[in-house]
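Visitor: Just passing along the structure, written as structure tokens.
Bear in mind these aren't lab numbers, they're just calculated from the coordinates by the rules spelled out. These numbers were taken from a predicted model, which means no experiment stands behind them. FYI the Cβ positions are ideal-geometry reconstructions off the backbone, even for glycines, and counts take in every protein chain you see.
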Amino acid sequence: MQQRLDKNLKLIEEALDIQASSRGNRIFLRGDDARINTAERLLRELCATGTDLSGMSSQDIRDAIRSLPCDNTGPLQEILHNNIQVASKKRIIVPKTENQRLYIDAIRNFDMVIGIGPAGTGKTYLAMAMAISAFLKKEVSRIVLARPAIEAGEKLGFLPGDMYEKVNPYLRPLYDALYDMMEYEQASKLIERGIIEIAPLAFMRGRTLNDAFIILDEAQNTTSEQMKMYLTRLGFNSRTVITGDVTQVDLPQAKSSGLIEIQKILDGVEGIKFVAFSERDVVRHKLVQLILRAYEKYEKRNTEE
């Protein structure tokens with residue numbers, strides 16, 4: 001336990017440029033006053049949540065540090081306490097950044113939420129958690145998960161197997177997130193009964209989805225026509241979350257991204273909430289943040305030239 005505590009204090013030292021040490025049950029901090037105040041706030045609010053610093057993983061510490069708002073206001077414990085109940089061994093999923101907390105609040109309060117940002121920010125994962133939570137609370141009677149199989153395009157007919165076998169590779173990330181939150185047997189039974197449906201976006205045409213929680217993933221790869229079709233599927237007592245990364249559009253150059261378009265078309269429409277993520281919200285390996293930042297600088301230099 002002491003070894004884990006020392007390692008976590010080292011992470012705080014490096015992140016906040018201070019010195020931290022422990023003796024018994026006391027922690028000592030030295031350094032610039034402003035940075036010490038930030039470290040004290042971090043430690044106090046972690047203690048206020050009932051979290052044992054020596055029992056936290058290195059990733060937990062990094063996430064907690066990243067969750068501190070830039071203006072040093074607002075309690076960190078609000079972020080850590082804003083959890084989602086799901087049916088898995090994990091039981092509870094916690095937002096790890098301020099934007100993730102805002103995203104969850106938006107999903108709770110708006111019938112249509114559009115989350116836009118880079119990979120690894122939890123857009124789809126948290127939307128899936130909210131869908132499962134809503135289903136378990138009987139707020140909806142079914143979950144529909146859709147994704148454009150844009151890479152397949154007209155080549156689906158050349159792939160072996162039936163339609164589901166052809167598009168399954170494009171839907172795999174949705175299955176992965178589902179099985180991470182719900183026991184495999186339980187999820188499989190719900191899929192067999194059609195209560196949870198995972199399908200390519202094209203399967204949404206001509207349908208009206210009532211009493212459902214619907215997620216559209218990788219929405220940057222929808223065309224204008226597909227996006228309009230999807231948006232008009234929403235039925236009574238239904239809500240939807242649309243996620244995507246506008247910097248990773250795989251459509252042919254002649255096609256416009258429906259996700260990029262709706263940022264202008266739906267801006268200011270009552271009942272719809274946009275949530276923007278940045279590299280600060282990336283909760284994958286710390287190198288992912290650095291890679292995204294490097295790409296951003298590279299693309300900015302190229303644009304200026």
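Visitor: Take ARG280 and ASP111, extend 7 Å from each Cα along the Cα→Cβ direction, and tell me the distance between the two endpoints in nm.
Guide: The answer from the label model is 3.3 nm.
Visitor: Which chymotrypsin sites (Phe, Trp or Tyr not before Pro) does segment 175-247 hold that lie in a coil by DSSP with at most 12 other beta carbons within 10 Å?
Guide: Filter output for segment 175-247: PHE236.
Visitor: What FRET efficiency would be calculated for the residue pair GLN253, ARG41, taking the C-beta separation as r and a Förster radius of 51 Å, to the nearest 0.05?
Guide: Efficiency at R0 = 51 Å is approximately 0.55.
Visitor: OK, next. Does anything in segment 243-257 have its amide N under 16 Å from the 7 Å Cα→Cβ label point of LYS228, and if so which residues?
Guide: Inside the label zone: 255-257.
Visitor: Using the Cβ atoms and a cut-off under 11 Å, what net charge is assigned to the surroundings of ASP211, where Lys and Arg are +1 and Asp and Glu are -1?
Guide: +2
Visitor: Considering only DSSP states other than H, G, I, E and B, which GluC sites (Glu not before Pro) in segment 180-246 qualify as loop sites with at most 13 other Cβ atoms within 10 Å?
Guide: GLU183
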